[in-house]
Amino acid sequence: MKILEIKNMKKSFGNLEVLKGISLSVNEGEVLSIIGPSGSGKSTILRCATMLDHMDEGDLLYLDEYAAKSTQGGKSIYSSKQDLKRIRKNFGLVFQNFNLFPHYSVLKNITEAPILVDGISKKEAELRAQSLLDKLGLADKSDAFPYQLSGGQQQRVSIARALALQPKLLFFDEPTSALDPELTSEVLKVIKELAEEKMTMVIVTHEMQFAKELSDRIIFIEDGIIQVEGSSKEIFNTDNARLKEFIGKFGHK
Amino acid sequence: MSIYFILTQLGQGFLTTILIFILTLLFSLPLGLVVSFGRMSKIFLIRTISKFYISIMRGTPLMLQLIVVFFAPYYVFGLQMGSSFRFTAVIVAFVLNYAAYFAEIYRGGIESMPVGQYEACKVLGFSKAQTFIRIILPQVFKRILPPLTNETITLVKDTSLAFVLSVVEMFTTAKQIAASETTMLPLMIAGVFYYVFNLIVALGLERIENSLNYYR
């Protein structure tokens, strides 16, 4: 089953055309990584897919339901507010710089959305949060505040916050770019565990080794279009000179 | 002429001072938030009107604003207001003036919030109201507390301007006694009153600030 489908997504900022027609889909249980140089449009795909930005043209579907549909001329028309609210529940997003709520404890960061948005009881939300914290190795941190945690711990909390809403798909926007190598590995470990549990994920990353190990499929994007798409094996044994050069620059042998 | 006499006289004026202070805060703090929304509105007309309002309130003397508010009902609507309107006019003028200053303080705080906080809320499915009330406003409040303290202390001293409309607050009383008894003493004592009042206000706000130090 297709969890996410993007057809011919186009997005410009002013005169700058950042996405020039991106089409991709993600099946249930699949891990898709998006790699590419800075400014290639990777994050814009994620921002449009999560509706933080609106695309100009193209279709966006979750579980075969249109969140945005292109008209005859191509312009995307988004669904009604109520529909989008429901559709949004299908996915979660983990940000590069965490974006935790600094005035909330770790526990409250995780329980707030399930209580407010899903309407579950406080008790149930706290049980759910605690079991996520246990799983992510943060069992003793539920009363801590974000500033008291390392970057790696903060990122794991933000993963727990996203998982607490039980999304069908989790987006990661360069989840380790703000972390040093040691903290990076603890976050990557968590994402790997999620992959083993067959969590559907779309990951924008610069961690080539990680992408190689984890991904069912990898997309290489540059200049706003998908240059190469393939299995992890295909990508890392590519004949494409540009992709070879790119992977090489990131220290991957 | 005894200190006791001066104190009891000033004490009565002091109650009026406190009343002006409390009522002004009570109304101008929420009104300021509304004005700051207007100032940040996407709608050009609302934004321009709010900007103009703030500009007038900050650009003209509060003393003049007091007089304008007091005489406006007569000159604009031809209404004869009783003498009890004096106090109301003082409150209205103070509220209008302070709301403008508070609006700019709120705006500074709200605009300083990282966009990531809004985006996290959006992805988690919070409504706009939930986002603002639960996530944004508490953090803004912490950020703007120092300038808010400043403005509040200024308000304590500004209450003395109520004399313009013959509302007898503490400073008016002090001046009257000073004139009739030809002594500086009542004015000095009034100064002590203001200082102690402000000290209490500042300490109170500092306590609130400290109580918000549980996060960064």
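The values are calculated or read from the model by the stated rules, or taken from the named source; none is laboratory data. Please read these numbers as outputs of a predicted model, since none were measured by experiment. Glycine gets a Cβ as well: all are built from the backbone with ideal geometry, and neighbour counts include every protein chain shown. Ligands, DNA and RNA are excluded from the accessible area calculation, which covers all protein heavy atoms including side chains. Shrake-Rupley method; radii C 1.70, N 1.55, O 1.52, S 1.80 Å.
Data for the structure
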read-out: Count of residues meeting criterion [closer than 15 Å to residue B:105 by Cβ, aliphatic (A, V, I, L, M) and open to solvent by 70 Å² or more (accessible area, probe 1.4 Å)] in segment B:40-59; value: 0
read-out: Hey, residue B:156 more than 14 Å from chain A (Cβ to nearest Cβ), in contact (Cβ under 8 Å) with a residue 40 or more places away in the chain, under 24 Å from residue B:66 (Cα atoms) and outside any loop (DSSP other than H, G, I, E, B) or not; value: yes
read-out: Set B:162, B:179, B:202: member being modelled with pLDDT under 95, touching an Asp or Glu at 6+ places or on another chain (Cβ under 9 Å) and either closer than 30 Å to residue A:88 by Cα or of a type in the set (A, V, I, L, M) (or both); value: B:162
read-out: Segments classed as strands (runs of 3 or more DSSP E), wholly inside segment A:43-118, with at least 3 members that are more than 9 Å from chain B (Cβ to nearest Cβ), in contact with a helix residue (DSSP H, G or I) (Cβ under 9 Å, 6 or more places away or on another chain) and open to solvent by less than 50 Å² (accessible area, probe 1.4 Å); value: A:57-62
read-out: Subset of segment B:166-180 [hydrophobic (A, V, I, L, M, F, W, C) and crowded, with 19+ Cβ neighbours inside 10 Å]; value: B:167, B:170, B:171, B:174, B:177
read-out: Restricting segment B:181-214 to residues that are aromatic (Phe, Trp, Tyr) and touching a residue at least 60 places away in the same chain (Cβ under 8 Å), the residue that is most open to solvent (accessible area, probe 1.4 Å); value: B:193
read-out: Filter result (within 7 Å of another protein chain (Cβ to nearest Cβ) and in a loop (DSSP other than H, G, I, E, B)) within segment B:118-137; value: B:125, B:126
read-out: Which numbered condition residue A:233 misses (of (1) assigned to a strand (DSSP E or B); (2) more than 18 Å from the chain's Cα centre (by Cα)); value: (1)
read-out: Verdict on residue B:37 being closer than 26 Å to residue B:173 by Cα, open to solvent by 20 Å² or more (accessible area, probe 1.4 Å) and not in a loop (DSSP other than H, G, I, E, B); value: no
read-out: Residue A:43 closer than 23 Å to residue A:207 by Cβ and at pLDDT below 95; value: yes
read-out: Members of segment A:147-183 found to be open to solvent by less than 20 Å² (accessible area, probe 1.4 Å), assigned to a helix (DSSP H, G or I) and hydroxyl-bearing (Ser, Thr, Tyr), listed by number; value: A:158
read-out: Selection count, segment A:6-24, where residues are open to solvent by less than 30 Å² (accessible area, probe 1.4 Å) and either out of contact with any His (no Cβ under 9 Å at 6 or more places or on another chain) or of a type in the set (Phe, Trp, Tyr) (or both); value: 7
read-out: Positions within segment A:184-202 being out of contact with any Phe, Trp or Tyr (no Cβ under 6 Å at 6 or more places or on another chain) and open to solvent by less than 40 Å² (accessible area, probe 1.4 Å), in sequence order; value: A:184, A:187, A:190, A:191, A:194, A:195, A:199, A:200, A:201
read-out: Some residue of segment A:161-172 being in contact (Cβ under 8 Å) with a residue 12 or more places away in the chain, closer than 21 Å to residue B:215 by Cα and of a type outside the set (Ser, Thr, Tyr); value: yes
read-out: Subset of segment B:108-129 that is open to solvent by less than 50 Å² (accessible area, probe 1.4 Å) and within 27 Å of the chain's Cα centre (by Cα) - its residue that is nearest to residue A:111 (Cα to Cα); value: B:113
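To keep it simple, each residue is scored yes or no on (1) surrounded by 14 or more Cβ atoms within 10 Å (Cβ to Cβ); (2) within 11 Å of another protein chain (Cβ to nearest Cβ); (3) charged (D, E, K, R); (4) within 30 Å of residue A:160 (Cβ to Cβ).
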| position | (1), (2), (3), (4) |
| --- | --- |
| B:72 | yes, no, no, no |
| B:79 | no, no, no, no |
| B:87 | yes, no, no, no |
| B:94 | yes, no, no, no |
| B:139 | yes, yes, no, yes |
